[in-house]
Each structure stands twice: as structure tokens, then as C-alpha cells.
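**Student:** Below you will find the structure I want to go over with you.
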2 protein chains.
Amino acid sequence: MGNSEFESCKAQGFVAVPPAKPFAESLKSSLREVFFPDDPFRGFKNQPLSRKFLMGLQYFVPIFDWAPRYNRQYLKSDIVAGITIASLAVPQGISYANLAKLPPIIGLYSSFIPPLIYAILGSSRDLAIGTIAVGSLLIFSMIGKEVNPIEQMNLYIHLAFTATFFAGIFQASLGFLRLGFIVDLLSHATIVGFMGGAATVVCLQQLRAMFGLEHFTHNTDIISVMKSVSTQFHQWRWESLLLGVCFLSFLLVTKYFSKKKPGLFWISAMAPLVSVILGSLLVYVTHGEQHGVKVIGPLKSGVNRLSIKDLEFGPEHLHVAIRTGIVIGTIAMAEGVAVGRSFATYKNYHIDGNKEMIAFGLMNIVGSCTSCYLTSGPFSRTAVNCSAGGKTAVSNIVMAVAVLITLLFLTPLFYYTPMVVLASIIFSAMLGLVDYEAAIHLWKIDKFDFVICISAYVGVVFGSVETGLEVAVAISLIRVLLYLVRPRTSVLGSIPNSEAYRSMDQYPLAKSVPGVLILQMSCPIYFTNASYLRERISRWIAEEEDKSKSSGESSLQYLILDMSAVGSIDTSGISMLQDVRKQTDRKGIKLVLANPGSEVVKKLGKSKFIEEIGREWIHLSVGHAVAACNFTMLSVKQKNVDVSAGDFATPDIV
Amino acid sequence: MGNSEFESCKAQGFVAVPPAKPFAESLKSSLREVFFPDDPFRGFKNQPLSRKFLMGLQYFVPIFDWAPRYNRQYLKSDIVAGITIASLAVPQGISYANLAKLPPIIGLYSSFIPPLIYAILGSSRDLAIGTIAVGSLLIFSMIGKEVNPIEQMNLYIHLAFTATFFAGIFQASLGFLRLGFIVDLLSHATIVGFMGGAATVVCLQQLRAMFGLEHFTHNTDIISVMKSVSTQFHQWRWESLLLGVCFLSFLLVTKYFSKKKPGLFWISAMAPLVSVILGSLLVYVTHGEQHGVKVIGPLKSGVNRLSIKDLEFGPEHLHVAIRTGIVIGTIAMAEGVAVGRSFATYKNYHIDGNKEMIAFGLMNIVGSCTSCYLTSGPFSRTAVNCSAGGKTAVSNIVMAVAVLITLLFLTPLFYYTPMVVLASIIFSAMLGLVDYEAAIHLWKIDKFDFVICISAYVGVVFGSVETGLEVAVAISLIRVLLYLVRPRTSVLGSIPNSEAYRSMDQYPLAKSVPGVLILQMSCPIYFTNASYLRERISRWIAEEEDKSKSSGESSLQYLILDMSAVGSIDTSGISMLQDVRKQTDRKGIKLVLANPGSEVVKKLGKSKFIEEIGREWIHLSVGHAVAACNFTMLSVKQKNVDVSAGDFATPDIV
């Protein structure tokens, strides 16, 4: 179609078929849009090769990008922030390792190597790296089902490393294949419900240490745990419970203060370390370990040893390692990317989700070879890092150095640290994750999101962590598919004093056009909704005919489909339109299309549908289409009047 | 919001928040739309109770609806059509039972009871009921994997009945729960590829009878079959092959003639029966059964016996029966509903998919208790029924009577019927299902649909029938989800001589508005695309800023988001909009929304987003929004000119 023809069509309000692109080119552009929506190599164009190489290096290893601009001012802030998060990292590392039923020292190892790797590869300036509670719990609940963490301790530890290895592989390959959008399938509502549920489950696990119980269920659901606690009523240790309640109150009070006065953030950041020191001193002085207060016991000092030979690739446990790896990899990635993104938005810089995934992946692969288990960017530690004034990833390096010093010289000090203090630390960290306010907000704005959130919560708390996740993801996808299975169609009417045609439901003032039914299609017409739309449209027509019959208005002569919102159509959709045309033809109604988009027009052209209904019946806008219908109706009526005055029979337009 | 306020807003082109509906009411209306889109009980309103009861009976048992209007004219047509399809049903029934490795007599049983049930409950006037090739093959390939059809014949037959029973339960419950739209998840492209693949696989299975082979692979994929045929080169029987080629040619030639002259449809309809008679006579005369031509052998006469006690609900085989039942139930339902719908559309009447499913389900449940296996409405038989002039479901009753006569008196005549003739009948019926023209059509119109079609075909032919189906459904769903993960955003420009704003890609004539970036969102904003849209919008802004910098045009001051096509939004989508607003605020760009739909406006109102950006910045159309932006830019500029002439610095609007 030449440009002049195009212009003449345009003047009449007709829609032009856009120029056809070669298949290879359109494939390339859609692949680009799917995998490189942020166009990361935009700046690379028109640069010399050496510059391109440098830019590529800076792109893939961000430390080369920011290190040259690093200055003393930054260093000062980063040292303060690094020491602050280290004081949180040491007790949290030990606690979470305990949650994963791994030796406490592995928790410390995991706060040493991974932060260093991330400092080199990561592009977030705020993320503080460490182990995460939900990941730790998942390792226990998934691997613990197959291998007993106490009886087969070595195998259990090796499987935890192997699962971390696979988690890293999974994360890095998703990032490398630019499939990062898979993380987006965890919606905000899913994450709120899931994190709340996981936090509840983690707190429930702490009841063991709180009550000083010897035996405890291996399940994580609330019913098993409550049964386990209540049936052992006579084994409850009041010493343990007393200590737990005291330290928990202390931690919660400091948290409350820091929340009230954000300047005092360091109080709540330091509180866990203070609790550990106080608790250890107390036990040391009172010989509490001989009175039912369990302590950590001996920790061997020294840095991470290589664990590459510990990875278990034998067929017997491979499936559980891979399955666990994928689940914990997804969760760790989702948390890390979400936290990184929200701080980046807050501080107005950009991070590339796919690149972050590669960084997380490599961090976990290296970690799994150096006696570390799953790490990510936990929210609590990152928030502390940010409030403490951390400027770059150097704060992670400072934290790693502080952990290194702990590993080398300070491990004997943890001998008398009571387990119940660790439990209190986890408890107080988790309570903030049960975000009931967010759930109420969801209920107010979007009931369906609330259902998703609650099912994730219930699934995690009453079933298992995986169940909750699976249920929530399934419901989210059903919600999305439901939109494509039952799209909304609405009747449009003319808005007075305006050229716009809008939904009569939304705008009570909109007036229908006599003899014309205007339907708005509201989503791509795919096989999922083609049959529905076919039936729905014929029902609209039937209802309109009933109405005009009963009210004695002029009978229906035109059906205008507003295609503005139809972004795409497939072959099932096209046959639906063909069926609608046949149906309207049979009833003597003319089918008119308004404003089909470029992809739709192209496909309608290829399938000869445009020729079937006539190019002159495809209009630029609903307004143009209505004008054309009114014009034809008027001229037909006038002709009829000319032929036999008074004969107002419905003219046969087709 | 009062009506007067609404009107005053309207006059200024602002969008009003539609009146809030109570939660229960909106839930009810969405459930109605999901489950009763065709509003089947519309006519029931305002009717007396007795009338309602009668209408309900007529709705659920359609024979009460049409029987009173039945007349002699119809009966004449139906008898002719019924006898014609019976002549097809007898040889096809025997052939397909053979394909399912069930005794041939079961194929005849299945053409007797189910058509009677359907005649009472079904709402299609054209569907001719019988066994289907793909369903038969699936029974063999799925149950045959667990139980050998020759060595454990009785168990195998019982499992086939049990699977049919579960298929019926599955179909009826989907229909009853009004979940019929699940069938729509099999897109046109999937069905073309799947049916073609299944037909190919069925033809491959006929090679056994064609070459007169004793042993044959139990797999259905092309590689196993070809290996099986070629390695047995020395066992090939030329007598069998010769007969097969002759009858196949005969059948194909009659088919060709009937296609050329639609009036001669009865030639191809009768050809199978003629082949059976000729083949049997030939074997009888030449004693071919002693020269390597296998024959059906003795068939016991008599009608269906009750098989309700044969159903196997024991735990050992329950899972295979249920699994097979669900797969064959889905396939049978998809074929039957699709065939019924297309003939209904062709003849301009309406059938309710959910009601059809209940009819199919009951037919298969009753069938499974009376020695029948899976039945549906096969395309070939229905087409013959329609060409032979069948008017109502009475033709099914006539066919059932004819089959009954065969069962009672004519079974001995099939003793000498050669298997190879049955193979030829299946072969010629299947060839028409490999619809390569449809595949070419898909390639021309929609490449993605073509990929779906081909993967279904390849999956079925090289893998197994289930694999092909699963792969195709998965790809179809990914395609649909991809649309929601990477929706298209496009920049709009003003179309000259029109108030419309359209995509600059589609309309090369569209002109951008200086200082204003107009972006069109093209699908519901959900968690699946919220992060993508956030990044894509900031890239659009960055590109626009680069452009205006390099060209020296006025800098970007307004971002208008055209929300016309955003049918729905969830909480992730709302936080995306909030992030976009923060980002634009920081850059001194004002965010403006144009034409948000009622659901979107409601949610934006509840989440206070409307207050955040200011109600006056939400406009009825892009045109209104642009006018408001231009007006503000002009007045700010004039003010600036007033204060200091020549100072054109970007004013801070926020």
C-alpha cells in the first residue's frame, strides 16, 4: 500500500495495514523485547572495540565500574555500616545455621566468602549478604525429610552444600538465559503471604529452644508443632523459658525504640550481639548449662575449608539436592532481587535483575565449594546497612573482614552462648515479617490478591513451605488466566459534549446510538477466550434485539467492535471473528471494526478477513465508525423515502 | 460522588469513579460471568413455577424440547440418514475396537447404547455418535502399557470399561460444574497438530495388518513402528498387502468422487460396507484365511450384556484407569464439542458446551456399564449424517436400531471379513485428518500457532499421544502468558485532521506532541508484567530525554499513560504506578492518566493513587489530557515570560 493511498485512507478515517516486516526481523525484535527489555547494551553502539571491551567488563563485573570513583568519604561510611551489620551477622549467622540444623560455624563461614564475591559482581549498593531464615528452614524441611540431620550429620551437611550448589547453578543460568522474569511470577501478594507464613513457621520452630525441649517434631506445620509442645508439658524447662522471654522482650523493646526514632537504628542493630554477650556471661556466671539451659558448645576456629569434594552427585540423593536447590534458589533469588530493587528505586539507581541473578548464582556456587550454605540479600540486614549509611558494596567487605576476625580469634567466646538467646534473636527478626497491615491493605484494594496472600499463608503454616508456595503460584496464575478466559466486554455509548465513546456501566451519562451496538473487546483474542467471546457477542446481540423490539426503537443494523484494547489475536480469534461475521450477516447486521492495532490488522489482512467485511468498514476510531454507520443509514432511509414515501421497513444493507 | 459533581467533572473531561458495588454483589456478578456467560436460564424469569419446571426439564433433557415438534417429514430424512451412518458405523466400530485391541463385538455394542442415550440428552441435531480412532488408540497405548491386551484379555477389557466410566464421570462433572471452558484450552492449532499426529500414528498401526505381521511393537511412535516393520522384512505377506492396497485404492477413489460431487456423498459413505462385503466374499471364495489373510473370526451374536460388575476399582490399577479416563475423556469431549459447535454454527443454532458435556458424560457412564467403551461425536460420521439429510437426533436412534439388527442376526457374516480391509477403512478415514493445508494456513497467519501445531504433531508422532498433547498445551499457555509478561507499550502521536492519538509505529503520519510523552499500555497490569513495565517506562522516558537533548527540542514535561486497554490491575500493578510517579516526580515530569476503565479507577481510588497524582490529572481521553498539558505549559510559559522575558528554563511543575 503506497503512502498516498495511505494518506487518502487516513483522511477518511480508515485504518491502514502497516508495512510488512520480514519474518526474521520481526522475530528478532520480539526476542529482543522478551529477553532484553531494558536494552542493557544501548551505550555500546558506535564505540571503538577497546572501549566496548572495557564497558563489557564493567557491565559484567560492576566493581570495575564503581571502584575508580571510590573515595575516602565513602570508605568512612562503609566501615561504620560494615561493622554494624557484622554485629548483626554473627549472631544471625549462628541462629539461622541452627534453624537449618547445620553446625553453627557454617553460618559464620557463610557470612565470610559470599559477601566478598557479591562485592565484586553485584550491582546493588545497599544489599548486605547473608543467610536467610526461610532458606534455612527450607533446607531443613526438604533435606531433613530424606536424611536425618543428627544421625547422618555428614551426609546432611554435604547435601546442604550440594543443594546450595544447584541453587547457584539455577540462579546463574536463569540470569544468563535472561529468564529473570520468572521471579516476577511471585506476585507481591504471594510474597506477603508466603513470608508471613514462613516467619510464623520459623517462630514455631523456636518453641523447642524456648521450652528447652529434647525431642521435637520433624514437621514444620503448626498442628504438629503445637502437638509436640503440648504433649511434652512435663519436660518444659522454666529456666530456658525465663531467659527466652527476657531476651525477647529486650530485643522487641530496642526494635520499638529504633522504629520510633530512626536515628537510633544502631540500638536494634547492636541488640542481638549485646544479647549474645549478656546471655553468655549469665550462663558462664550461673553455670546455667548444668541447669537445663542449652549452649552452643565448642566451635572450632579457623577459616572456611574447601568443600568442593563434599558435593554429593551420587544418584541416590541427586533428586532431593536438585529439587531443594531449585526451590531455595528461587526463594533466595526472589528475596534478594526484590530487596535490591526496592532499595535501588528508593535511592534512584537501576539494577538489572538478570545480572543480579548471575551474581547470586556465582556467589552460591563458590559458597558451596567453600563450606557455605545458601546466601542472599536478607531484608533486615540490608535495611540496617542502609540506615547505617553504607554507600557501596565495600560495607560487605568490611563485614566479611569482621566475620573473619571472629572466625580466627573469637569463636571460643561463643561456648556459653545459650541457644534460647539465638531463638529470641530469630523470633524478634521474624515477627516483623508477619505483615498483617499489608494483608489488610490487599483486602481493601484487591480481594483476589488477598485470597492469594491468605492461601500462601495457610498453605505454609498448615501444610509445608513448598505447599504454600505452590498453591499461591497456582492461584496467581489461575487469576491471570481467568482474565484471558473471561475477558470483559462492555457496551459503549456516546459521551455528551465529547467525541469519546465509553462504557455505559462506568459512565451513566453515556448514550447509546440507535440502530448501532458498540462492543468493546478488552484483551487479546486468543483460543482461551474465542468461544466465550463468540457466545457473549451473540448474547449481546440477542439482548439488544430484545430491547429494541420491546421498546419499539429502530432495529439493530450495525455491530461495531472496538478493537483498541485487542493487542494480539491468534488463528482461533480470527475464526471467532469470521463466525461473528457469518452470524451478523445472517441477521442483516453489518459488522464494523474500530481501531484495530497493527498486529491485529496484519493478521486480519493475511487471513482475508479485511476483504470479507470490506476495507471501508474498518475505522480509525469508534467515532468515525458511528459516523459512517449513521451516514449509510440516513442515505438508505432517504432512498427508501424516495422510492415509496412512508415505507420504513428495515433496509437490507448486506 | 453525587451526580451533579459527576456531570461537572465530565464537562471538563475528567474520569469519574463509578459507584461502588457491595462486595457480595460484585462477587456474584463475576461468578455469573465466569460460569454462566451464556445466561442459559434467561427465559425462566417471570414464569410460573409449573412452566419453569417444564422449561427446566426441556433444558436438561432436550428430547422433551424437540419431540413435540417432530413430524413425518423429519422422520423420512432421519431414516435415510440413520441407515447411511449405520453402514459406516458397523465396519468403523469393528475397526476401531481392533485399534483399541478390544474384541470387535465391543465396537458394535458401542454403536448401540450410547447413540440412544445421546438422542435423549444431547442438544446437537447433527452429531452422530460412535467410537473415535484417537480415543481407541489412547486406550491401547495407555492401558496396554500396564496390562497386556492378549495375555490378560479380561482384565484389559475391564480396565477399558473402567477408564470409560471415569471419562464419563470427568466429562459430566466438568459440565455440571460449568468448567467447560477447560476444553477451550485446546486451541485450534493444538487440535490441528494433535489430530494430524494421531491420524499418522493410527495409520502406522495399520501397517501390521497391511503387511500381515504376527509380532508388532507395543509402542506407537514412528521410529519403533518403522523398526518393527523393516526388521520383519521376511515375514511380509504379499497376499495381505495386495488386498490392502486394492481396497485402500477403492476407498480413496470413492472418497475423491464424493469430494468432487457432494451429491454423491453416499458413495464414500457406503464404500466401507461394500469393502467389507467384497473382502469377506473374496476370502470365502478363495479360502484366503488359509493363505495368510487374517480374518475377524467368530463373533457371538446378541445385545450388550451388563458390565457394571466388570468395573475395576481395586487399588492396583485404579491410577491407570483414572489417568486414562481423564485423558480420553478430555479428547473425546474436545472432539465432540468442537464438531457439535461447528455444525451448530453452520446451521445457525446454538448448543451449550456444558450441557453437551453432561450428555457425553452420562452416555459414557451408561456405556461403561453396558459393555461399551469410549464414544463421542466423530467428525467423519457427523459429516455423513449431515450430508445424508439427518434433521434430528432420531438418526442416531435409527442407526442404533440398524446396529441392533446386525448384532442379533448378522454377526456370523463377519466371520470371513479380512483384517486388512478393516485396516484400509481406518487408513482412508485417517488420511483426511492430516490437515496439512490448515498447517500452511497457520504458518501464513500466525507463526506461533504454527509452532504449537508442529510441536503437537512431532510430539505425537515421535513421542506418544500424551506427550504431544502435553507439549502443545504447555506451549499454548506459555504463549498466552508471554503476552501478559511482556505486553507491548507504544508511543502515541496525534493523527492529523483527527482527534485520535495512535501508535507511531502503526501510523507513520502520527506526530508527537512536544514536551509530552504518550505511552499506551496494552494489557492488564498484573504482577507478571509490573516490573517489566516499570523498567520499560523508564527506558521510554530516558530515550525521550536523550532525543529531546540531542535535537534541542523542549524538554519532557508530561508523561501521559493511556490506560484504555488496561482492563484490570492488581496490587503489584498499583505499586508499579506509584514507583513510576516517584520517578517522574524526581525528574520534574508530571504523570497523567488517560481513560482508565472502571475497575482500574476503583482500585486506584481505594489505594489513594488518584489523590497522589491529583484528580484533575486523570482524563477521559488522550486528547483531553494533551489539551490540559498544553494549556498548563502555555500558562506557565506566559507567567515566566511575564516575570523575566526570555527565561525559558523548565518550570518546576510538581
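The values are calculated or read from the model by the stated rules, or taken from the named source; none is laboratory data. Note that the coordinates shown come from a computational prediction; the quantities given were computed from them, not determined experimentally. Note: ideal-geometry Cβ built from the backbone for every residue, glycine included; neighbour counts use all protein chains shown.
**Student:** Of all residues being touching an Asp or Glu at 6+ places or on another chain (Cβ under 7 Å) and assigned to a loop (DSSP other than H, G, I, E, B) in the stretch B:484-501, which is modelled with the lowest pLDDT? Just the residue, please.
**Tutor:** In this case the residue turns out to be B:GLU499.
**Student:** Oh, and also: Can you pull out the residues in the stretch A:242-251 that are aliphatic (A, V, I, L, M) and buried (at least 17 other Cβ atoms within 10 Å of the Cβ)?
**Tutor:** A:LEU243, A:LEU248, A:LEU251 - these are the residues of the stretch A:242-251 that are aliphatic (A, V, I, L, M) and buried (at least 17 other Cβ atoms within 10 Å of the Cβ).
**Student:** A:PRO514 passes all but one of (1) away from chain B (no Cβ under 13 Å); (2) of a type outside the set (S, T, N, Q); (3) in contact (Cβ under 8 Å) with a residue 60 or more places away in the chain; (4) surrounded by fewer than 21 Cβ atoms within 10 Å (Cβ to Cβ); which number fails?
**Tutor:** So A:PRO514 meets the others, but not (3).
**Student:** Also, I was wondering about something else. Looking only at residues in the stretch A:455-474 that are under 19 Å from A:ILE143 (Cα atoms) and either in contact (Cβ under 8 Å) with a residue 60 or more places away in the chain or of a type in the set (A, V, I, L, M) (or both), which one is surrounded by the most Cβ atoms within 10 Å (Cβ to Cβ)?
**Tutor:** Going through the qualifying residues, I end up with A:VAL460.
**Student:** Still on this structure, I have one more. Could you please let me know if B:SER512 is small (Gly, Ala, Ser), over 37 Å from the mean Cα position of the chain (by Cα) and within 29 Å of A:SER26 (Cα to Cα)?
**Tutor:** Yes, satisfied.
**Student:** Which of the residues belonging to the stretch A:362-378 are part of a helix (DSSP H, G or I) and surrounded by 24 or more Cβ atoms within 10 Å (Cβ to Cβ)?
**Tutor:** Those that are part of a helix (DSSP H, G or I) and surrounded by 24 or more Cβ atoms within 10 Å (Cβ to Cβ): A:MET363, A:ASN364, A:GLY367, A:SER368.
**Student:** Further, regarding this structure: So A:ALA128 passes all but one of these: (1) within 15 Å of A:PRO378 (Cα to Cα); (2) free of Cβ contacts under 8 Å to residues at least 40 places away in the same chain; (3) among the aliphatic types (A, V, I, L, M). Which condition number does it fail?
**Tutor:** Against the list (1) within 15 Å of A:PRO378 (Cα to Cα); (2) free of Cβ contacts under 8 Å to residues at least 40 places away in the same chain; (3) among the aliphatic types (A, V, I, L, M), A:ALA128 comes up short only on (2).
**Student:** For the stretch B:517-538, which positions are more than 7 Å from chain A (Cβ to nearest Cβ) and of a type in the set (D, E, K, R)?
**Tutor:** Within the stretch B:517-538, just B:ARG534 meets the criteria.
**Student:** Okay, moving on. Against the condition under 30 Å from A:MET563 (Cβ atoms) and at pLDDT below 90, how does B:SER621 come out, does it pass?
**Tutor:** yes
**Student:** Can B:SER280 be described as assigned by the TED database to the domain that holds B:TYR415, of a type in the set (Gly, Ala, Ser), part of a helix (DSSP H, G or I) and under 31 Å from the mean Cα position of the chain (by Cα)?
**Tutor:** So B:SER280 does not fit the description; no.
**Student:** Answer with yes or no whether B:GLN47 is polar (S, T, N, Q), assigned to a loop (DSSP other than H, G, I, E, B) and more than 25 Å from B:LEU362 (Cβ to Cβ).
**Tutor:** yes
**Student:** Sticking with this one: Among (1) within 25 Å of A:GLU33 (Cβ to Cβ); (2) more than 9 Å from chain A (Cβ to nearest Cβ); (3) within 42 Å of the chain's Cα centre (by Cα), which single condition is B:GLY605 missing?
**Tutor:** That leaves (1) as the condition not met.
**Student:** Condition first: free of Cβ contacts under 8 Å to residues at least 40 places away in the same chain, surrounded by fewer than 17 Cβ atoms within 10 Å (Cβ to Cβ) and away from chain A (no Cβ under 13 Å). Now tell me which residues in the stretch B:551-600 satisfy that.
**Tutor:** B:SER551, B:GLY552, B:GLU553
**Student:** Next question. Can you give me the number of residues within the stretch A:75-102 that are closer than 20 Å to A:VAL202 by Cα, touching a residue at least 60 places away in the same chain (Cβ under 8 Å) and not polar (S, T, N, Q)?
**Tutor:** Total meeting the criteria: 11.
**Student:** Now for a different question. Name the residues in the stretch A:184-217 that are within 14 Å of chain B (Cβ to nearest Cβ), in a loop (DSSP other than H, G, I, E, B) and of a type in the set (S, T, N, Q), would you?
**Tutor:** A:SER187
**Student:** Sticking with this one: Considering only residues that are within 16 Å of B:ASP570 (Cβ to Cβ) and more than 10 Å from chain B (Cβ to nearest Cβ), look in the stretch A:475-502 and name the one that is surrounded by the fewest Cβ atoms within 10 Å (Cβ to Cβ).
**Tutor:** Selected residue: A:ILE478.
**Student:** For the stretch B:219-238, does any single residue satisfy the condition of being at pLDDT below 90, touching a strand residue (DSSP E or B) at 6+ places or on another chain (Cβ under 9 Å) and assigned by the TED database to the domain that holds B:PHE165?
**Tutor:** no
**Student:** Still on this structure, please answer the following. Can you pull out the residues in the stretch B:218-237 that are more than 20 Å from B:TYR96 (Cβ to Cβ) and in a loop (DSSP other than H, G, I, E, B)?
**Tutor:** B:ASP221, B:GLN232, B:TRP236, B:ARG237
**Student:** Go through the residues of the stretch B:524-531 one by one and say whether even a single one is under 19 Å from A:VAL600 (Cβ atoms), in the same structural domain as B:ASN595 (by the TED database) and crowded, with 20+ Cβ neighbours inside 10 Å.
**Tutor:** For the stretch B:524-531, residues under 19 Å from A:VAL600 (Cβ atoms), in the same structural domain as B:ASN595 (by the TED database) and crowded, with 20+ Cβ neighbours inside 10 Å: present.
**Student:** In this structure, is B:ILE120 assigned to a helix (DSSP H, G or I) and either farther than 23 Å from B:ALA344 by Cβ or within 14 Å of another protein chain (Cβ to nearest Cβ) (or both)?
**Tutor:** For B:ILE120, the condition - assigned to a helix (DSSP H, G or I) and either farther than 23 Å from B:ALA344 by Cβ or within 14 Å of another protein chain (Cβ to nearest Cβ) (or both) - is not met.
**Student:** Same structure, new question: Restricting attention to the stretch A:336-346, which residues are within 11 Å of another protein chain (Cβ to nearest Cβ) and either not β-branched (Val, Ile, Thr) or not in a helix (DSSP H, G or I) (or both)?
**Tutor:** A:ALA338, A:ARG341, A:SER342, A:ALA344, A:TYR346
**Student:** Please find, among B:THR370, B:THR382, B:THR375, B:THR330, the residue that is assigned by the TED database to the domain that holds B:GLY135 and touching an Asp or Glu at 6+ places or on another chain (Cβ under 8 Å).
**Tutor:** B:THR382 is the lone residue from the list that is assigned by the TED database to the domain that holds B:GLY135 and touching an Asp or Glu at 6+ places or on another chain (Cβ under 8 Å).
**Student:** Another question, if that's okay. I need a count of the residues in the stretch A:289-315 that are at pLDDT 85 or above, surrounded by 11 or more Cβ atoms within 10 Å (Cβ to Cβ) and assigned to a helix (DSSP H, G or I).
**Tutor:** Matching residues across the stretch A:289-315 total 2.
**Student:** Within the stretch B:99-122, how many residues are surrounded by fewer than 23 Cβ atoms within 10 Å (Cβ to Cβ) and not hydrophobic (A, V, I, L, M, F, W, C)?
**Tutor:** Selection size over the stretch B:99-122: 3.
**Student:** Do any helices (runs of 4 or more DSSP H) lying entirely in the stretch B:379-465 carry at least 3 residues that are farther than 24 Å from B:ILE129 by Cβ and in contact with a Leu (Cβ under 8 Å, 6 or more places away or on another chain), and which ones are they?
**Tutor:** Ranges flagged: B:447-458.
**Student:** Quick one: would you say B:SER141 is touching a helix residue (DSSP H, G or I) at 6+ places or on another chain (Cβ under 8 Å), assigned to a helix (DSSP H, G or I) and either under 21 Å from B:SER428 (Cβ atoms) or among the hydrophobic types (A, V, I, L, M, F, W, C) (or both)?
**Tutor:** Considered against the rule, which asks whether it is touching a helix residue (DSSP H, G or I) at 6+ places or on another chain (Cβ under 8 Å), assigned to a helix (DSSP H, G or I) and either under 21 Å from B:SER428 (Cβ atoms) or among the hydrophobic types (A, V, I, L, M, F, W, C) (or both), B:SER141 comes out as no.
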